[in-house]
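*Asks:* Can you keep this structure in mind? I'll have questions shortly.
The values are calculated or read from the model by the stated rules, or taken from the named source; none is laboratory data. Here the structure is a predicted model, which means the values were calculated and not measured. In this analysis, Cβ positions are derived from the backbone assuming ideal geometry, glycine residues included, and neighbour counts consider all displayed protein chains.
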Amino acid sequence: MSKKLLALTGNDAAAYAMKQINPDVVAAYPITPQTSLMEKFAQFVADGELDTEIVLVESEHSAMSACVGASSAGARVMTATSSQGLALMWEIVYIASSYRLPIVMPLVNRALSGPINIHCDHSDAMGIRDSGWIQLWAENAQEVYDNLLQAIRIAENSDILLPVVVNYDGFIISHAIENMYLYDDAEVKKFVGEYKPKYTLLDPKKPTTFGGFDLPDYYFEHRRQMADAMTRSAKVIADVAKEFSKICGREYKFIEGYKLEDAEVAIVALGSTVGTARAVVDELREKGVKAGLLKIRMFRPFPENEIEDALKHLKAIAVLDRADSLNAVGGPLFDEIRAALYNKSTIPVVNYVYGLGGRDMGLVEINKVYSDLAETAKTGKAKDLVTYLGVRE
Amino acid sequence: MAKTEKVKLPGWKEVVIGGINPDAGSAAKYNSGTWRTFKPVWSEERCIQCNLCWINCPDSSIMIKDGKVCGMDLVHCKGCGICAAVCPVKPKKAIEMVKEEK
């Protein structure tokens, strides 16, 4: 294991991972806050550091379409997007997973319009949560890099063959500089390996048809297969993490608890907010408050049993959502965490919708969540099921 | 119309992933002529072998042997009627659309 410590932005980290992966084809369209990722990657290609074919398209719909074409032809394919770009890709996003094409895509999370906003929230990722893409989430630039390298192996596993999206917070992670480790090119190359497609359009000895008409007599069976692959992918994700630990020195889990074992109250969150919440947990612990934290790294497939195991001893739980389902019930992560605990516990679970459109989520806001939780733990009843945290009244 | 044979379709564990069809040229085996309400009836006597029907058929359903029309492939014909419309033979066309009898 050899590492070098560097200060990089999250987008640079993603571009570096893509450089080391050296995909055959990358088709992308620039969109804030993803743009600097592709600029950096294009620079690597222009400098002759790798031999990826970059396809410059006129929209994200075309970017994902080109990816689907190249992947069907048997190439190792990557792209990247954000927000409106993903929204424009939407129909092809579903096609990529349904054709079982192992495309890997960093998704630099940003709010969806409208009103137009370029800053971080998770509504773009939540828009494709039912699309059959595996979803990994990063807390910082290091995890962006590490998750991307693992994503290739997960997607291309011949038993899985589902595309993977690696989420990270726009600007907060994508544009902020952090100290992080980069691994040796040769080690990464060995880990990532060579992609040998199961089916390819470019095999004259074995001609195949992609994208045939799937009427009621077959469509359901194909969707059932996707559901099965998603279920089975959890084991592959764990195996890949174990193998990757030899390079990075730590093993990535589906979920990650922080001071959770002996906690009485805890927050569940995705992305960079987990890092901020860690600092609050440390402060509270010094004051004797038994606060804990649960980070969800793998959102698809949803690790229901692991989440239930990690949370079952608590007295009160707050789920933080950086996206609102606008369903008059709460955010998407809240729905799923609550469903995971249903029938298994009577712990009060509350929801905080926060940070929409890049609204700051600081120590003060997270402290408020924990103090509300302390009250809920005492009474056993939540005052409000859903709170919009940090919004002006 | 020919009765469709009852075949046992493969279950989800058996079908090829992604709706991929690894069986090249298998469309020829698939009966896609079941949608039809009108079928083309070809008259060898009236046919002048201009091949206009063959070049215009969107389903390659005009059968050709040695450069000459020899019949209609009713397994793949959807009954669109283009062949009859383009047939230049007068006064009675060499291809007529006739209602399909069940």
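*Asks:* In segment A:346-372, which residues are of a type in the set (S, T, Y), over 15 Å from A:A266 (Cβ atoms) and surrounded by fewer than 23 Cβ atoms within 10 Å (Cβ to Cβ)?
*Replies:* Once the filter is applied, which keeps residues that are of a type in the set (S, T, Y), over 15 Å from A:A266 (Cβ atoms) and surrounded by fewer than 23 Cβ atoms within 10 Å (Cβ to Cβ), segment A:346-372 yields only A:T346.
*Asks:* Being closer than 25 Å to A:G127 by Cα and free of Cβ contacts under 8 Å to residues at least 24 places away in the same chain narrows it down to one of A:G10, A:G69, so name that one.
*Replies:* None of the others qualify; the one that does is A:G69.
Listed here are the residues, each with its yes/no results for (1) in a loop (DSSP other than H, G, I, E, B); (2) on the phi > 0 side of the Ramachandran plot; (3) more than 14 Å from every other protein chain (Cβ to nearest Cβ).
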| site | (1), (2), (3) |
| --- | --- |
| B:A28 | no, no, no |
| B:R46 | yes, no, yes |
| B:W54 | no, no, yes |
| B:M63 | no, no, yes |
| B:C70 | no, no, yes |
| B:L74 | yes, no, yes |
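*Asks:* Then there's this: Looking only at segment A:338-393, count how many residues are assigned to a helix (DSSP H, G or I) and among the basic types (K, R).
*Replies:* 3
*Asks:* Restricted to segment A:223-247, and to residues that are in contact with an Asp or Glu (Cβ under 6 Å, 6 or more places away or on another chain) and in contact (Cβ under 8 Å) with a residue 24 or more places away in the chain, which residue is farthest from the other protein chains (Cβ to nearest Cβ)?
*Replies:* Residue satisfying both the conditions and the ranking: A:I247.
*Asks:* Which condition does A:H122 not pass, out of (1) within 21 Å of the chain's Cα centre (by Cα); (2) within 14 Å of chain B (Cβ to nearest Cβ); (3) of a type outside the set (D, E), if it passes all the others?
*Replies:* (2)
*Asks:* Please go through (1) at pLDDT below 90; (2) part of a loop (DSSP other than H, G, I, E, B); (3) within 9 Å of chain A (Cβ to nearest Cβ) for B:T4 and return the number of the only condition it doesn't satisfy.
*Replies:* Of the numbered conditions (1) at pLDDT below 90; (2) part of a loop (DSSP other than H, G, I, E, B); (3) within 9 Å of chain A (Cβ to nearest Cβ), the odd one out for B:T4 is (3).
*Asks:* Determine which member of the set B:K29, B:K13, B:K39, B:K68 is among the basic types (K, R), more than 30 Å from A:K198 (Cβ to Cβ) and surrounded by fewer than 14 Cβ atoms within 10 Å (Cβ to Cβ).
*Replies:* Details: B:K29 fails: more than 30 Å from A:K198 (Cβ to Cβ); B:K13 fails: more than 30 Å from A:K198 (Cβ to Cβ); B:K39 fails: surrounded by fewer than 14 Cβ atoms within 10 Å (Cβ to Cβ).
Being among the basic types (K, R), more than 30 Å from A:K198 (Cβ to Cβ) and surrounded by fewer than 14 Cβ atoms within 10 Å (Cβ to Cβ) holds for just one of B:K29, B:K13, B:K39, B:K68, which is B:K68.
*Asks:* Within segment A:131-140, can one find any residue that is touching a Ser or Thr at 6+ places or on another chain (Cβ under 9 Å), among the β-branched types (V, I, T) and in a helix (DSSP H, G or I)?
*Replies:* So far as segment A:131-140 goes, no, none of its residues is touching a Ser or Thr at 6+ places or on another chain (Cβ under 9 Å), among the β-branched types (V, I, T) and in a helix (DSSP H, G or I).
*Asks:* Here's a follow-up. Among the residues of segment A:316-330, write down those that are touching a residue at least 24 places away in the same chain (Cβ under 8 Å) and assigned to a loop (DSSP other than H, G, I, E, B).
*Replies:* Correct list: A:R322, A:A323, A:D324, A:S325, A:V329, A:G330.
*Asks:* Can you spot a residue in segment A:71-78 that is more than 23 Å from the chain's Cα centre (by Cα) and either more than 22 Å from A:P163 (Cα to Cα) or surrounded by fewer than 20 Cβ atoms within 10 Å (Cβ to Cβ) (or both)?
*Replies:* Within segment A:71-78, one or more residues are more than 23 Å from the chain's Cα centre (by Cα) and either more than 22 Å from A:P163 (Cα to Cα) or surrounded by fewer than 20 Cβ atoms within 10 Å (Cβ to Cβ) (or both).
*Asks:* Among the listed residues B:K93, B:K13, B:K78, identify the single one that is basic (K, R), closer than 30 Å to A:T200 by Cβ and out of contact with any strand residue (DSSP E or B) (no Cβ under 8 Å at 6 or more places or on another chain).
*Replies:* On inspection, the qualifying residue turns out to be B:K13.
*Asks:* Within segment A:139-148, can one find any residue that is surrounded by fewer than 16 Cβ atoms within 10 Å (Cβ to Cβ), more than 14 Å from chain B (Cβ to nearest Cβ), of a type outside the set (S, T, N, Q) and under 21 Å from A:A323 (Cα atoms)?
*Replies:* No.
*Asks:* Counting only residues that are among the charged types (D, E, K, R) and more than 18 Å from A:A141 (Cα to Cα), give me the helices (runs of 4 or more DSSP H) lying completely in segment A:1-98 with at least 1 of them.
*Replies:* Hits in segment A:1-98: A:60-72, A:83-98.
*Asks:* Please enumerate the residues belonging to segment A:210-248 that are surrounded by 18 or more Cβ atoms within 10 Å (Cβ to Cβ) and part of a loop (DSSP other than H, G, I, E, B).
*Replies:* Result: A:F210, single match.
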